[in-house]
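Comments concern the structure below.
The values are calculated or read from the model by the stated rules, or taken from the named source; none is laboratory data. Given the structure is predicted, the values throughout are model-derived calculations rather than measurements. Backbone-built Cβ (ideal geometry, glycine too); neighbour counts: all protein chains shown.
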Number of protein chains: 2
Amino acid sequence: MHRKAQDEGSKQRPEKPMFDDEQTPVVPIVPTAPKSPPIPTTGIKQFRCSGGFAGSFAPNFGKPCCDFTSNMLEAKWSREFGWDPMYMVPFQNLSLSPGSRVILQGQQVYDVIQATMGFDNRIRLFRPDQHLQRLRRTAAKLSLPDFDEHELLICVKRLVLSDASFIPPAYTNGSLEVRIMFIGPEPNNKITMSREATLYAFMIRHSSQSVAEYKRSKIVYADPKYSRAWIGSLAQYKTSANIAPTFYVTDIANGLGCNDVLWLYGKEEHVLDFNEANVFIFIINDRNKKELITPPLNGLIVPGITRQSILEMVRYWNEFTVSERSISIHELRTLQRQRRLLEIIATNVMGNAIPVIRIHYESTRTDIHIPSLEHREPLWERLNRALHSIEFGLVDHPWGLII
Amino acid sequence: MHRKAQDEGSKQRPEKPMFDDEQTPVVPIVPTAPKSPPIPTTGIKQFRCSGGFAGSFAPNFGKPCCDFTSNMLEAKWSREFGWDPMYMVPFQNLSLSPGSRVILQGQQVYDVIQATMGFDNRIRLFRPDQHLQRLRRTAAKLSLPDFDEHELLICVKRLVLSDASFIPPAYTNGSLEVRIMFIGPEPNNKITMSREATLYAFMIRHSSQSVAEYKRSKIVYADPKYSRAWIGSLAQYKTSANIAPTFYVTDIANGLGCNDVLWLYGKEEHVLDFNEANVFIFIINDRNKKELITPPLNGLIVPGITRQSILEMVRYWNEFTVSERSISIHELRTLQRQRRLLEIIATNVMGNAIPVIRIHYESTRTDIHIPSLEHREPLWERLNRALHSIEFGLVDHPWGLII
């Protein structure tokens, strides 16, 4: 598909940005996503990118070492002096006190931005502004200081450029994962306001092999016994505290031949999300119309940028009903029995839409088969095409920020 | 009180172990705590203490640096080779990959053992067996490997002995906090079985000043909007994922002049626990009898060793009703209005019973006053005396393991 896309891309460059093949209308240039509320600035000194690139700035054009790239970013904050400049340093181990808050108390937030090499040989970041705004919101929730997201974007761009040799070529469908970490390094086991913070960023290379692994169709394990989200919890924030509960359940899932977990919520066993992906459910509804359903942002799921992008796209297409509403696993089973469940799609932070083909529902020990792979023109494939056309530069679109 | 206890201790040594003053009957030597279920051994090579104490074994008799002691323990595990020996090394920073699981995914469990210097100049650990059993149970939940708790106890004893100079004298009421950390250092952002693990232990000195801070009577903030426990969560395990949600709420609490958070659960707003302490509620019940209530071990609270010890003690005293049952904040308010709420007590891992004197209940923005300090012979004080008599060696008791 991608080779085809590449040929098409070289043959005729589309006049206007588009998401899909010729049948699909374009999306408006200005994203319709609701703006996040303004974050009050703290009045502290903000880190600056300019002049801050001291340290050993060593662009690497060699072979990748493991999955990590050569360089990383690091900036330190203290309550007394505010932010130090942002430094680029070679990828290296962190030196952390055995009693650091990040280890003792889980004071950690993160966000991930995808960097891709387009068919036009230009490097793109996918909606970095959305990711950095989310990171600021999350930081406030874990008592970490505010930062200037525009400065951070400049730093991230420079990091990506300096390690550009690591970005896989467009035809491999691979990308770099820019992983921005924000942690509390202070040695303290009391729960008090942070006096220190470290913001760092490193990059993981997703070559065609690891991309294939990420995009493998999902067989998922669903068990209402386990939970990682609750009203009033941190579930809507990107922090390690939401990942810790997944280990045990994922081990059980793997033991049963499943490669992901479908998390359920409450007595009604509402479908929430997967380990690191939001969920979309494509059905034929009561009025015999196609409907795409995704759980609402009620604090129980991470507000995914890919989720948001897909919602904006399909609403613009205006071909079927789109709902943000809760749906229980029991409704899924009924729909499946009535042959009205078309597809279940996982959308992860790397901008992929992955088909789910089977749910192992532990309560009744039954398998729910999803015919996601059995349609002639499945929605997940069309979503992937639309997302990848932006990510890999087949269209110019503001979501794909060229650097 | 302690000086008095010391005098008494020197005058006449009790024949049998006892918990309190003369009026209190002794507790049976064999603790009545239910045994934890046996943990299946993994068949892997276990770390050994004997022969493992290479590294720079440097007993320190100098001044304490910050709150940490001079030495720490460290043992590494890999799936391929099992456990390496346990080394004692000088207290030093950890070298962790920026992409370690402990940072990225919160793969961390811990437990804390209290080490005290008795009035008899002997060093004691408070119920270390219970702590190490709990650590094994917790490790299994975070996909960390099993270990030999008896070997670890030998290692912990050696660590405490080598840094014995740091243990505060008995009359200061201070102690060492032996903090055993068990983390996933592997650089991996996928959720798969661990291939590496690090178990380490370091010690924090609680001098009389920090003890005073720990034992300050509590003014607590209760807000049903926030939650860190729910059915199917990790709430009953000692892991950083349960501490991360406390930052934001504690900041709000501190802003309102409260020094801790009382966590509530569900629509009924059941009382669960404090930030790092279990809760006991002492009331006059419907039958006009005194009753001590603590929330049950239903997966929503950490099964505290101090909690368990107090339950065993007061059940042995057999002077009032003891119940493990859920109680809502609304019941508390009713009891308080009827002047039947006597005391609320926080019991932390350092073996203290701390009075709670006020709850700021955010839903109605009212303060609930607790007369914990207004009784002639309060229960919290009696519990403290009983616990401290074991911790500081005024009685010989199997809960205080002499090393």
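So here's what we get for this one:
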{"quantity": "The lone exception for residue A:119 - which of (1) within 12 Å of chain B (Cβ to nearest Cβ); (2) surrounded by fewer than 22 Cβ atoms within 10 Å (Cβ to Cβ) it fails", "calculated": "(1)"}
{"quantity": "The listed residue being farther than 25 Å from residue A:226 by Cβ, in a strand (DSSP E or B) and free of Cβ contacts under 8 Å to residues at least 60 places away in the same chain, out of B:283, B:252", "calculated": "B:283"}
{"quantity": "Output for the stretch A:339-378, where each listed residue is outside any strand (DSSP E or B), closer than 21 Å to residue A:174 by Cβ and β-branched (Val, Ile, Thr)", "calculated": "A:349"}
{"quantity": "Filter result (under 26 Å from the mean Cα position of the chain (by Cα), closer than 20 Å to residue A:107 by Cβ and surrounded by fewer than 18 Cβ atoms within 10 Å (Cβ to Cβ)) within the stretch B:82-110", "calculated": "B:93"}
{"quantity": "Extreme residue, surrounded by the most Cβ atoms within 10 Å (Cβ to Cβ), among residues of the stretch A:191-203 that are in contact with a Gly (Cβ under 7 Å, 6 or more places away or on another chain) and at the interface with another protein chain (Cβ under 10 Å from one of its Cβ atoms)", "calculated": "A:202"}
{"quantity": "Every pair of residues 6+ apart whose Cβ atoms lie under 9 Å, when the first sits in the stretch A:148-177 and is basic (Lys, Arg) while the second is in a helix (DSSP H, G or I)", "calculated": "A:157/A:128"}
{"quantity": "Residue within the stretch B:254-267 that is aliphatic (A, V, I, L, M), touching a Gly at 6+ places or on another chain (Cβ under 7 Å), within 10 Å of another protein chain (Cβ to nearest Cβ) and closer than 21 Å to residue B:345 by Cα present", "calculated": "no"}
{"quantity": "Strands (runs of 3 or more DSSP E) wholly inside the stretch B:70-119 that include at least 3 residues being more than 17 Å from residue B:145 (Cβ to Cβ) and not assigned by the TED database to the domain that holds residue B:245", "calculated": "B:87-90, B:94-96, B:108-117"}
{"quantity": "The stretch A:81-118, subset at pLDDT below 95 and aromatic (Phe, Trp, Tyr), residue farthest from residue B:98 (Cα to Cα)", "calculated": "A:81"}
{"quantity": "Residue within the stretch B:300-309 that is surrounded by fewer than 22 Cβ atoms within 10 Å (Cβ to Cβ) and modelled with pLDDT under 95 present", "calculated": "no"}
{"quantity": "Test: residue in the stretch B:260-269 that is in contact with a His (Cβ under 7 Å, 6 or more places away or on another chain), among the charged types (D, E, K, R) and not assigned by the TED database to the domain that holds residue B:106", "calculated": "yes"}
{"quantity": "Output for the stretch A:80-122, where each listed residue is of a type in the set (Phe, Trp, Tyr) and more than 30 Å from residue B:67 (Cβ to Cβ)", "calculated": "A:91, A:119"}
{"quantity": "Members of the stretch B:128-155 that are crowded, with 23+ Cβ neighbours inside 10 Å, away from every other protein chain (no Cβ under 14 Å), of a type outside the set (Phe, Trp, Tyr) and farther than 23 Å from residue A:190 by Cβ", "calculated": "B:128, B:152, B:155"}
{"quantity": "Cβ pairs under 6 Å, 6+ apart, first in the stretch B:212-229 and free of Cβ contacts under 8 Å to residues at least 40 places away in the same chain, second surrounded by fewer than 20 Cβ atoms within 10 Å (Cβ to Cβ)", "calculated": "B:226/A:232; B:227/A:232"}
{"quantity": "Residue within the stretch A:269-287 that is among the basic types (Lys, Arg) and within 14 Å of chain B (Cβ to nearest Cβ) present", "calculated": "no"}
{"quantity": "Residue B:307 vs. criteria more than 13 Å from chain A (Cβ to nearest Cβ) and in a helix (DSSP H, G or I)", "calculated": "yes"}
{"quantity": "Those residues of the stretch A:341-380 which are of a type in the set (D, E, K, R) and either touching a residue at least 12 places away in the same chain (Cβ under 8 Å) or touching a Ser or Thr at 6+ places or on another chain (Cβ under 7 Å) (or both), in sequence order", "calculated": "A:343, A:358, A:362"}
{"quantity": "Out of A:288, A:384, A:348, A:352, sole residue that is surrounded by fewer than 18 Cβ atoms within 10 Å (Cβ to Cβ) and not basic (Lys, Arg)", "calculated": "A:288"}
{"quantity": "Test: residue in the stretch B:78-95 that is in contact with a Leu (Cβ under 7 Å, 6 or more places away or on another chain) and within 9 Å of chain A (Cβ to nearest Cβ)", "calculated": "yes"}
{"quantity": "Any hit, the stretch A:167-185, residues being assigned to a loop (DSSP other than H, G, I, E, B), of a type in the set (Asp, Glu) and surrounded by fewer than 24 Cβ atoms within 10 Å (Cβ to Cβ)", "calculated": "no"}
{"quantity": "Condition met for residue B:238 (modelled with pLDDT of 90 or more and surrounded by fewer than 19 Cβ atoms within 10 Å (Cβ to Cβ))", "calculated": "no"}
{"quantity": "Residue list for the stretch B:379-403, filter: closer than 19 Å to residue B:130 by Cα, part of a helix (DSSP H, G or I) and touching a strand residue (DSSP E or B) at 6+ places or on another chain (Cβ under 8 Å)", "calculated": "B:387, B:390, B:391"}
{"quantity": "Single match in B:354, B:310, B:327 (criterion: out of contact with any Phe, Trp or Tyr (no Cβ under 6 Å at 6 or more places or on another chain) and more than 26 Å from residue B:212 (Cβ to Cβ))", "calculated": "B:327"}
{"quantity": "Which listed residue is within 19 Å of the chain's Cα centre (by Cα) and either at pLDDT 95 or above or more than 12 Å from every other protein chain (Cβ to nearest Cβ) (or both), from A:125, A:161", "calculated": "A:125"}
{"quantity": "Tally of residues being in contact with a helix residue (DSSP H, G or I) (Cβ under 6 Å, 6 or more places away or on another chain), facing chain A (nearest Cβ under 7 Å) and under 24 Å from residue B:175 (Cα atoms) across the stretch B:212-248", "calculated": "0"}
